[in-house]
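Readers should treat all values here as calculations from the given coordinates under stated rules, not as data from a laboratory. Note that the coordinates shown come from a computational prediction; the quantities given were computed from them, not determined experimentally. Don't worry about glycine lacking a Cβ; one is built from the backbone with ideal geometry, like all the others, and counts go over all protein chains shown.
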Amino acid sequence: MQPTECLLAKCPHCKHKKKIMQLMSGNTFGATLWSDSKQVAPMLPTPSPIQKCPNCGHFYELRKVKLKQGSDLWGETGWLQFDDAIDAYNELPRETPQEREQLTIIFAWAFNDIYRFDHTPTPEQFDTFKRVISECLQLPIFTAPDQTLIKAELYREIGMFDKCISILNDYNPGNEFELDIKNKIIEKAEANDTKVFKLIDGRNRF
Ligand SMILES: [Zn+2]
């Protein structure tokens, strides 16, 4: 992994310039893929599409703000913790399907990071997660066929196991890898298990 000069993202609220990490090169060696579609690649860290301004505390989409080349080799990836993800969900616009999907995924990843970092969410955090995700899933999002797995997975993660299984029973994956994921999600749903799980464990691939 070779970092290069950071990017400077300009906050649309207060104009503060946040240093965002940039890589010259990297690879997915040792990457772990999780059932919520998050890939954790130690040798290929990527910046979060949604950033929190360290100066004013507001949120913005990285692709929508002015970016300039910085000079520092150091920069942040800026992935949100769950409490910040709740605030981002409440603050940012969710007008287009892309905005809704992106926020839903960032929100779910931030919640699942609690498990990924070997912690247990509080009952309040789980309730908030369930409320927001079930609200999101009422909207027309994840409608493309290749997003069926993530949609079913989110239903499983909020404990709507029958809905998860019925979506997957109607889905015919196009390849063996997806078929394997489908079967694993069904297995977890049948066991009434809501926890995110590893599909590919980077540590076991060495
Ligand atoms: Zn700001």
Item to check | Cα gyration tensor, the range 140-206 - rounded (a/c under 1.5), prolate or oblate | outcome: oblate
Checklist outcome for this item: Debye calc, one equal point scatterer per Cα of the chain, no solvent, log10 I(q)/I(0) at q = 0.14, 0.16 1/Å comes to -0.92, -1.15
Checklist outcome for this item: Going from the fewest other Cβ atoms within 10 Å to the most, one would list GLU124, GLU187, GLU76 as GLU124, GLU187, GLU76
Checklist entry - What is the Cα centroid distance between the range 14-69 and the range 130-158, reported in whole angstrom? => result 23
Next on the checklist: Give me the percent relative contact order of the chain, please, defined on Cα pairs under 8 angstrom at least 6 residues apart.
Outcome noted: 22
Checklist entry - Going by the alpha-carbon gyration tensor, a ≥ b ≥ c the square roots of its eigenvalues, is the range 2-69 rounded (a/c under 1.5) or, if a/c is not under 1.5, prolate (a/b greater than b/c) versus oblate? => result oblate
Next on the checklist: How charged is the neighbourhood of ASN175? Take every other residue with its Cβ under 13 Å from the Cβ of ASN175, and add Lys/Arg as +1 and Asp/Glu as -1.
Outcome noted: -3
Checklist outcome for this item: Computed, not fitted: 222 nm per-residue ellipticity of the chain from DSSP H runs ≥ 4 (each -39500 (n - 2.57)), nearest 500, equal to -12000 deg cm²/dmol
Checklist entry - What does the charge add up to near CYS164, with Lys and Arg as +1, Asp and Glu as -1, over the other residues with Cβ less than 15 Å from its Cβ? => result 0
Checklist outcome for this item: Once normalised by the length of the range 2-69, the mean sequence separation of its alpha carbon contacts under 8 Å that are 6 or more apart gives a contact order in percent of 34
Checklist entry - In debye, nearest 20: dipole of the range 82-194 around its Cα centre with unit charges on the Cβ of K, R (+) and D, E (-)? => result 280
Checklist entry - For the chain, can you list the cysteines whose C-beta has no other cysteine C-beta under 4.7 Å from it? => result CYS6, CYS136, CYS164
Checklist outcome for this item: In the chain, taking the dipole from +1 charges on Lys and Arg beta carbons and -1 charges on Asp and Glu beta carbons about the Cα centre, the listed residue (PRO97, ASN27, ALA110) farthest towards the positive end is ASN27
